[in-house]
Amino acid sequence: MLAEKALVALTALKRLESERGLGVHEGTTDQVRRALEAAGILFIESGQGRGVMFLNETSGTETRQATACRQLSPESGT
């Protein structure tokens, strides 16, 4: 479904997800990132590391912040 939303070939998506570090075109990576962002996923980076946050437009700011903290906490493994 992600390959379809990102308008990339399924084989290209499998290469991107590969643990062997298979190369993909930068444009493929950008298209996948944009598709994920359109689905409400925010990529974040700070001095403490990198992660993702799931945006939920129907919930309040406090809920979004709590979710982000939970996702980035050392106990969560992310």
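What follows is calculated from the coordinates using simple rules that are stated; it is not laboratory data. Computed from a predicted model, the values in this text were never measured in an experiment. Every residue, glycine among them, receives a Cβ derived from its backbone with ideal geometry; neighbour counts consider all protein chains shown.
Take the Cβ atoms of Thr29 and Leu55, set R0 to 22 Å, and the FRET efficiency comes out at 0.60. Amide H contacts of Ile41: Leu55, each under 5 Å away and 5 or more positions distant or on a separate chain (H built 1.01 Å from N in the peptide plane; Pro and chain starts excluded).
Our coupling estimate for segment 41-48, obtained by passing each phi through the Karplus curve with A = 6.51, B = -1.76, C = 1.60 and θ = phi - 60°, is 9, 10, 8, 10, 8, 9, x, 8 Hz, Gly and Pro reported as x.
Amide H contacts under 5 Å for Val52: Ile44, restricted to partners 5 or more places along the chain or on a different chain, H placed in the peptide plane at 1.01 Å from N. In order along segment 21-31, the phi-based Karplus estimate (6.51 cos²θ - 1.76 cosθ + 1.60, θ = phi - 60°) of 3J(HN,Hα) comes to x, 5, x, 9, 5, 4, x, 5, 4, 4, 5 Hz; Gly and Pro are listed as x.
Rounded to whole numbers, the Karplus 3J(HN,Hα) couplings from phi for segment 5-12 are 5, 8, 6, 10, 5, 4, 5, 5 Hz, using 6.51 cos²θ - 1.76 cosθ + 1.60 with θ = phi - 60°, and x at Gly and Pro.
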